[in-house]
1. Please list, ordered by first then second residue, the pairs with beta carbon atoms under 7 Å, 6 or more apart or interchain, first in segment A:144-163 and under 25 Å from residue A:196 (Cβ atoms), second open to solvent by 80 Å² or more (accessible area, probe 1.4 Å).
2. Quick test of your reading of the structure: residue B:170 fulfils all but one of (1) within 16 Å of ligand 3 (Cβ to nearest atom); (2) open to solvent by less than 50 Å² (accessible area, probe 1.4 Å). Name the failing condition by number.
3. Can you confirm whether residue A:107 is surrounded by 17 or more Cβ atoms within 10 Å (Cβ to Cβ) and aliphatic (A, V, I, L, M)?
4. I'd like to verify a number: residues in segment A:71-127 that are among the aliphatic types (A, V, I, L, M), within 16 Å of ligand 2 (Cβ to nearest atom), out of contact with any Cys (no Cβ under 8 Å at 6 or more places or on another chain) and in a loop (DSSP other than H, G, I, E, B), how many?
5. Could you check, for segment B:127-134, whether at least one of its residues is crowded, with 21+ Cβ neighbours inside 10 Å and either modelled with pLDDT under 95 or of a type in the set (Ser, Thr, Tyr) (or both)?
6. Looking only at segment A:178-225, filter to residues that are among the small types (Gly, Ala, Ser) and within 16 Å of ligand 3 (Cβ to nearest atom); which one of those is nearest to the other protein chains (Cβ to nearest Cβ)?
7. Just for segment A:177-230: of the residues that are more than 12 Å from ligand 2 (Cβ to nearest atom) and touching an Asp or Glu at 6+ places or on another chain (Cβ under 6 Å), which one is least open to solvent (accessible area, probe 1.4 Å)?
8. Would a scan of segment A:35-48 turn up a residue that is over 29 Å from residue A:224 (Cβ atoms), more than 14 Å from ligand 3 (Cβ to nearest atom), open to solvent by 20 Å² or more (accessible area, probe 1.4 Å) and at the interface with another protein chain (Cβ under 9 Å from one of its Cβ atoms)?
Amino acid sequence: MSEIDLQVKLGNLTLKNPVLLASGTVGYGNEISQFTDLSKIGAIITKSVSLKPRKGNPPQRIVETASGMLNAIGLANVGLEVFVKEKIPFLKEIQSTIICNIAASSIEEYVECTKVLDHEDEIKGFEINVSCPNVKEGGLEFGNNLTAVGKITEKVRAVTNKPIIIKLSPNVARISEFAKVAKDEGADAVSAINTLVGTAFDIWTGKPKIYNVTGGLSGPAIKPVALAKVLEISRNVDIPIIGVGGIMNWKDAVEFMIAGATAIQIGTVNFINPQAGIEIIEGLKNYCKQKEITSLAEIIASYKLPS
Amino acid sequence: MINEKIIVQSLEKLQPNIYLMKAKAPVIASQVKPSQFCNIKVSDNDFPLLRRPFSVCDVQGDSIFFMFDVHGEGTRILSEKMIGDEIEVLGPLGNGFNYNKKFNKALIIAGGLGVAPFPFLTKVLIDKVEIVSLIGGRNKNYVVKYGLKNVSVATDDGSEGYKGTVLDLLEANKESLIDDGTIIFSCGPTPMLKALQKFAEQNNVECQLSTECAMACGFGICQGCPVHSSTEDKYLLVCKDGPVFDSKEIVL
Ligand SMILES: Cc1cc2nc3c(=O)[nH]c(=O)nc-3n(C[C@H](O)[C@H](O)[C@H](O)COP(=O)(O)OP(=O)(O)OC[C@H]3O[C@@H](n4cnc5c(N)ncnc54)[C@H](O)[C@@H]3O)c2cc1C
Ligand SMILES: Cc1cc2nc3c(=O)[nH]c(=O)nc-3n(C[C@H](O)[C@H](O)[C@H](O)COP(=O)(O)O)c2cc1C
Ligand code: FES
């Protein structure tokens, strides 16, 4: 049989394989590159960058929960200027496709960041984070407001021809409505899902375990929720979906593709197994061989639902 | 830095609840410096999900040692490992103590399992400088002198050594313990480090603190382990910028 083709398309962005590293879980690439060969990865999505640097939340920022973790990092990042000056040069070297994730607390800020980064050849696309649960302004205020998500997509679309991915929040009633508005306003794809709002308490002190009180839940605990959200979008809106939430291995990745994802992102697993991306790519190849298929397109949205 | 599969060679009980694990880890053993740490995948499945950070306690040839007390699921699993078991370990991580400078006395101050990094530091410094170790524990079952030199003990209940905290012990003897060429190397619970930070400032002595924080990745990608800088309005990362900081560098 011929070599398996893992190539996927997200709008006019072609990726050598469908395995992406999720925003906020690989920094800007430098640290994880000591443990894995990033040039083999489909794409790297940078930590959310905002116009100005953000300090982030005080400790404690993370806590482990049953099969998952809560984080309230608070979008700590170096800010646009330092990102361009200091982080992009390294990202150039690693020879992977770079997608820049942008977070903002106003529509103008999203537009401003996109404009500046549009000039950077190394950045092949944008993921617009309208769904961070851990900051006061922006974040979820946008993420569960249909009009805001539509407006942001429209305004960002107006200033770049590069692919735009809208990263959706699961903390809404009907995620497919948000995917629809993103599509209507010109987004090339959607990512589903960002983290779910959660909390945890210390039973001896009565205090929340995270300084921010609530955090975003990620890891295997959220996989069934993420899968259901991907399926909902897939059944209702014709737009490429990047599935994300609790993927630990290639089997999880296949499951997301069956549910409708064209590509997948891995987040929390990078903290535990920095090689996970490469292992998933190998696993997908073997799966295709065993299923005797030559292209992943055959499994995307191949779900068989009761009629 | 590597994700190395290490092999358990022995697991010894030092105290009712405190263990010392020796494991074959040629790569980490050849790279590690005192007070660097490793992030250990305690199980080979997804439970518990996150790795657990532990200081490298000692190095002998190809082998590294970890010292830990059992208090949660992760340390319980580690305490049940058998000789020959493989464990996935990321390391060495962080930066260690800074002893490549002129000084003539290392004053080690450790609280509880904060003694863990010091057998290795002691081994590295033993022929170079005078070493004095002050260690504190809740009671005599929490006192571990393994690999240390010139040890004085403080226990909260007085069941061994001085009755009181290790800081009380230090304060009571500071004239004889501290001179111009002394560096304090310390590791332990945050309240202890905080008190020591104040002590170091008041007594004008160089002090390096090995800090702790909940961690996910251990190598700088999750931003989960902040400690506030004392010189700039920003957070440093315990895993990458630390775990050792000069006591003047951070706000605890
Ligand atoms: C740099 C560093 C070096 C360390 N070196 C040692 C050592 O040499 N010996 C030793 O016994 N312990 C050490 N610790 C603490 C050790 O990591 C925790 O005791 C261990 O993670 C507890 O795991 P558990 O599953 O048994 O406990 P649980 O309390 O069930 O753990 C639950 C979660 O909280 C986190 N957590 C709990 N307590 C701590 C803590 N104090 N610090 C960081 N994370 C915590 C765990 O990582 C885990 O995600 C070190 C911690 C750090 C950050
Ligand atoms: C520590 C941490 C930081 C994150 N930071 C960001 C971020 O800056 N921007 C963003 O869009 N998503 C962020 N996320 C969300 C992830 O990209 C991903 O959507 C989520 O974790 C679910 O995937 P997972 O279960 O594979 O981790 C973060 C997640 C974690 C765990
Ligand atoms: S533990 Fe992830 S950045 Fe420090």
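The values are calculated or read from the model by the stated rules, or taken from the named source; none is laboratory data. Everything numeric in this text was worked out from a predicted model, so none of it was measured. Cβ sites come from the backbone with ideal geometry, for glycine too, and all protein chains shown count toward neighbours. Heads up: the accessible areas ignore ligands, DNA and RNA and are worked out on the full protein's heavy atoms, side chains in. Shrake-Rupley method; radii C 1.70, N 1.55, O 1.52, S 1.80 Å.
1. Here the result reads A:146/A:177, each pair linking segment A:144-163 to a residue that is open to solvent by 80 Å² or more (accessible area, probe 1.4 Å).
2. (1)
3. No.
4. 3
5. So far as segment B:127-134 goes, yes, one or more of its residues are crowded, with 21+ Cβ neighbours inside 10 Å and either modelled with pLDDT under 95 or of a type in the set (Ser, Thr, Tyr) (or both).
6. A:219
7. A:185
8. Among the residues of segment A:35-48, not one is over 29 Å from residue A:224 (Cβ atoms), more than 14 Å from ligand 3 (Cβ to nearest atom), open to solvent by 20 Å² or more (accessible area, probe 1.4 Å) and at the interface with another protein chain (Cβ under 9 Å from one of its Cβ atoms), which makes the answer no.
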